[in-house]
Every structure is written in C-alpha cells, then in structure tokens.
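Enquirer: Quick one: this structure, given as structure tokens, is what I'll be asking you about.
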Amino acid sequence: MNIIKFKHFLGVIILFTLIPFLTSCETTSSSSSVGIGTIGGALGGAAIGSSIGRGKGNTAATLGGAALGGIIGNQLIDQPSHKRQVAEERAYQEYQREKDYQRRLEYERQSMYQKEQIRKEMEEQRLFEEWKRERLAQ
C-alpha cells in the first residue's frame, strides 16, 4: 500500500514539475484555451482530493478535486486575465481610431491651408495683371 501512495505522490510531483512546460504553449489570443489557472487549479485540486480520499473513493475524490480545482483556477485566474486582455485590445483599437482621426484632421487642415495659399497667390496674380494693364494703358 505504501508503494501505491508513493507512486501516486511521485506522479503528482511530476505533474507539478511539468506545469511550466505544459502552460508555455498557451495561446493568449484564444478565449477558449485552457490557461495556467485551469491547469494549476486542476492539479492542485487533484492533489488535495487524492489526499482526502481513501480506498475506492480515492479516484472519485481525485477527479472531483481536479474538476473543482480547474473550475476555481479558471474563474480566479484565467477569466480575469482574458477580460484584461480584451480590455487592452479595445483600448488599443480606440487608440488607433483616435490616431487615425487626428491624422485625418491634420490632412484636412493642411489641405485647407494649401487651398488658401493657392487662392491668395491667384488673387495676387490677378491684382498684378490688373495693375499691369492699367500701367500699360497710361
């Protein structure tokens, strides 16, 4: 019986050792991906469930602990992280819209300035031509 407990304990230790490697493949852009909170919670819940359960109920306690730990880890770590990521993406999109709006305003301002300059130059040219005609007429 001690050998079975030792093997089980060794399996839990190996799983906790592998957590960084398992979660390093996590994609942050997918909202449906299993995150570090879910995995860590499931492993922790399995370890606690395993230590609580006895005899034939040990497997059920381990699975129940894993399920409950996974749910808790997801609720406490993964979902707030996803919400923060969504908020950051929205803020970035808003920043880009504002930047585009400012760029368009600057373009319009420059365009109006150039049109005004052209209008002034044309008016000056007209006045010069009129002055020239009057000068030649005298």
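The values are calculated or read from the model by the stated rules, or taken from the named source; none is laboratory data. Owing to the predicted nature of the structure, the values given are computational and were not obtained by experimental measurement. Positions of Cβ are backbone-derived with ideal geometry, glycine not excepted, and every protein chain shown enters the neighbour counts. Calculation scope for accessible area: heavy atoms of the full protein, side chains included, ligands and nucleic acids excluded. Shrake-Rupley method; radii C 1.70, N 1.55, O 1.52, S 1.80 Å.
Yes/no matrix, rows are residues, columns are (1) touching a His at 6+ places or on another chain (Cβ under 8 Å); (2) surrounded by 13 or more Cβ atoms within 10 Å (Cβ to Cβ); (3) modelled with pLDDT under 85:
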{"site": "GLU26", "(1), (2), (3)": "no, yes, yes"}
{"site": "ARG54", "(1), (2), (3)": "no, no, yes"}
{"site": "SER81", "(1), (2), (3)": "no, yes, yes"}
{"site": "TYR92", "(1), (2), (3)": "no, no, no"}
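Enquirer: Here are GLN125, GLN117, GLN102: which of them is open to solvent by less than 70 Å² (accessible area, probe 1.4 Å), over 30 Å from GLY37 (Cβ atoms), assigned to a helix (DSSP H, G or I) and modelled with pLDDT of 95 or more?
Expert: Criteria check complete, one pass: GLN117.
Enquirer: Kindly indicate the residue of region 56-79 that is of a type in the set (A, V, I, L, M) and under 28 Å from the mean Cα position of the chain (by Cα) and also surrounded by the most Cβ atoms within 10 Å (Cβ to Cβ) among those meeting that condition.
Expert: Filtering region 56-79 for residues that are of a type in the set (A, V, I, L, M) and under 28 Å from the mean Cα position of the chain (by Cα), the one surrounded by the most Cβ atoms within 10 Å (Cβ to Cβ) comes out as ALA66.
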